[in-house]
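J.: This structure is in structure tokens; I'll ask about it shortly.
The values are calculated or read from the model by the stated rules, or taken from the named source; none is laboratory data. Owing to the predicted nature of the structure, the values given are computational and were not obtained by experimental measurement. Counting neighbours? That spans all protein chains shown, and the Cβs are built from the backbone with ideal geometry, glycine included. With ligands, DNA and RNA removed, areas are computed over all heavy atoms of the protein, side chains included. Shrake-Rupley method; radii C 1.70, N 1.55, O 1.52, S 1.80 Å.
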Amino acid sequence: MTLPGPEPTGREAVVRVAAVGDIHLGEDCAGLLRPAFEALPDCADLLLLAGDLTRHGSVAEAEVVAGEIAGLGVPVVAVLGNHDHHADTPDEVTRVLRDAGAHVLEGESAVLPVAGHKVGVAGAKGFCGGFLGRSAGEFGEPEMKAFVRTARRGAERLARALGELAEHGCAVRIALTHFSPVPDTLAGEPLEIYPFLGSYLLAEAIDAHGADLAVHGHAHLGTEHGMTAGGVRVRNVAQPVIDHAFALYRLPLDGHPTRPHAPTARYGTR
Amino acid sequence: MTERPEPYEDRAPGPGPYEDEYRIALLRERLAGDGPAELGVRVERRGGVVLLTGTVPTSTRREEILDLARATLTGLTVRTDVAVAGRDAPDHGEELS
Ligand SMILES: [Fe+2]
Ligand SMILES: [Fe+2]
């Protein structure tokens, strides 16, 4: 669906998405990414941050991140990562990033106007638990059940956010997580730790609701490219993987209509 | 006195190859732990040497990691091939049509 108003002239109908995760800024890292980020208004319509923005999740580190992203001239949409939770103050980290102007999503969505169209981002940190046929079950000790339940609730939050986007008629929908929805983008990581790097429940949520792109981080030794079983392209933008301040993706805004997937009861009703 | 299975009884006291394995595991744990919180570095044994590979955000971080590796693995040869992640804006993007 197109918003009212004429298409800006001389501008292709694409959204230019910049994305990076796992920048892991410590208190000594102020200004590290700022020079590259200053170029964003020339090359991107929005910046996605795929979590692990800090080293230990402290407020002081979050303030360093805020300094890198404040007043960039493009909208910034972020999810937190496991490192941003380490100090047990994720709400404080979120507040600092929001004060710097970022949309920080956890089971929420942001709809941004780009070239007369709507671009939707659904975000949640997600959790680990493993991939199809090699995942933990919600059974046994309370600790094990809590672990698996955390993964399920993370995927449910992402599903809820994707469901919100469906109501907006977005030209492009992006799923933003920290943990990986697919094993493809983990190639390069030791196979033994795959269950700690992501969860297939995230991919199930993405495929149930439909999306044009899924962006994640967390797998520092992984690879950039992957795809869900439903055909949604997945990109691992962990900074060590992309080896740049951010990666850039261009998606057509009028190339195809939004696919109206009916959400499954599993994600739609809880 | 604790009863120990054969392989341990036969071993002479002092550092042996199996203790090196535990020290390498300890290094992995320290790297991922509270201080460095570094998950982008892989520690592998290659013959007689320990090899550190991966990518870290800054050169300071790389020096800290090397210092920690040398301190944890005293007596072992540590070789490193740890890169600092690029911080430049990319010169091209990917078309997803
Ligand atoms: Fe990370
Ligand atoms: Fe992470």
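J.: Measure off 7 Å from each Cα along the Cα-to-Cβ vector at A:R149 and B:E29, then give the distance between these two points in nanometres to one decimal.
T.: Result for the modelled spin labels: 2.9 nm.
J.: Where the centroid of each part is defined by its Cα atoms, how far is the range A:138-203 from the range A:64-103 in Å?
T.: Cα centres, the range A:138-203 to the range A:64-103: 21 Å.
J.: Mean Kyte-Doolittle hydropathy of 1.6 or higher plus an axial Cα length of 30 Å or more: which whole DSSP H helices in chain A meet both?
T.: Numbers: long enough: A:142-166 (35 Å, -0.36).
The qualifying helices: there are none.
J.: Convert 20 °C to kelvin, take the viscosity as 1.002 mPa s, use the Kirkwood radius over C-alpha pairs of the protein assembly as shown as Rh, and evaluate the Stokes-Einstein diffusion coefficient in µm²/s, rounded to a whole number.
T.: Values: Rh = 21.5 Å.
Once the numbers are plugged in, D ends up at 100 µm²/s.
J.: Answer rounded, prolate or oblate for the range B:39-85, using the Cα gyration tensor with square roots of eigenvalues a ≥ b ≥ c: rounded when a/c is under 1.5, else prolate when a/b is larger than b/c, else oblate. Intermediate values should be presented prior to the final figure.
T.: Details: a/c = 2.63, a/b = 1.53, b/c = 1.71.
Note, shape of the range B:39-85 comes out oblate.
J.: Could you report the accessible area of A:H86 in Å², rounded to 10, computed with a 1.4 Å probe on the protein chains as they sit in the structure?
T.: Estimated to the nearest 10 Å², A:H86 gives 100 Å².
J.: Let me ask you something else. Report D for the range A:57-140 in µm² per second (integer): Stokes-Einstein, Kirkwood Rh on Cα pairs, 37 °C, 0.692 mPa s. Don't skip to the end; give the middle numbers.
T.: Working: Rh = 14.6 Å.
Value of D from the Cα-based Kirkwood radius: 225 µm²/s.
J.: Could you compute how much accessible surface A:K118 exposes when probed at 1.4 Å, giving the result in Å² to the nearest 10?
T.: 40
J.: Using helices alone, what [θ] at 222 nm do you get for the protein assembly as shown, with -39,500 (n - 2.57) per DSSP H run of 4 or more residues, divided over all residues and rounded to the nearest 500? Present the calculation step by step, with values, prior to reporting the outcome.
T.: On the way: 11 runs with 107 residues, N = 367.
Taken over the protein assembly as shown, the calculation gives -8500 deg cm²/dmol.
J.: Note the buried accessible area between B and A here, summed over both chains, with a 1.4 Å probe, in Å² to the nearest 100. Write out the running numbers ahead of the final one.
T.: Numbers: alone 7360 and 11780 Å², together 16600 Å².
Interface area, both chains combined: 2500 Å², rounded to the nearest 100.
J.: I need the chymotrypsin sites (Phe, Trp or Tyr not before Pro) found in the range A:76-148, filtered to DSSP loop residues with at most 12 other beta carbons within 10 Å of theirs. Walk me through the intermediate numbers first.
T.: Values: sites: A:F127, A:F131, A:F139, A:F147; in loops: A:F127, A:F139.
Those satisfying the criteria are A:F139.
J.: Right, something else. Heavy atoms only, 1.4 Å probe, whole protein assembly: order A:D28, B:D20, A:D88 by accessible area, highest first. All intermediate terms of the calculation are to be shown ahead of the outcome.
T.: On the way: A:D28 95, B:D20 20, A:D88 130 Å².
Greatest to least solvent exposure: A:D88, A:D28, B:D20.
J.: On to the next question. Give the Rg/Rh ratio for the range A:124-194, taking Rg as the radius of gyration of the Cα atoms and Rh as the Kirkwood radius, to two decimals. List each step's numbers first, then the result.
T.: On the way: Rg = 14.3 Å, Rh = 13.8 Å.
The Rg/Rh ratio comes out at 1.04.
J.: Test of understanding: what is the full-extension gain from A:E92 to A:M227, defined as 0.36 nm times their sequence separation minus their Cα-Cα distance?
T.: On the way: separation 135, 0.36 × 135 = 48.60 nm, distance 3.37 nm.
So the extension gain works out to 45.2 nm.
J.: In Å², what does the accessible area per residue of chain A work out to with a 1.4 Å probe? Don't skip to the answer; put the middle values down first.
T.: Values: 10560 Å² over 270 residues.
Per-residue accessible area for chain A comes out at 39 Å².
J.: Ok, one more. Across the range A:39-49, in residue order, what do the Karplus-derived ³J(HN,Hα) couplings come to in whole Hz, using 6.51 cos²θ - 1.76 cosθ + 1.60 with θ = phi - 60° and x for Gly and Pro?
T.: Karplus values, whole Hz, x for Gly and Pro: 7, 4, x, 7, 10, 9, 9, 7, 10, 9, 10.
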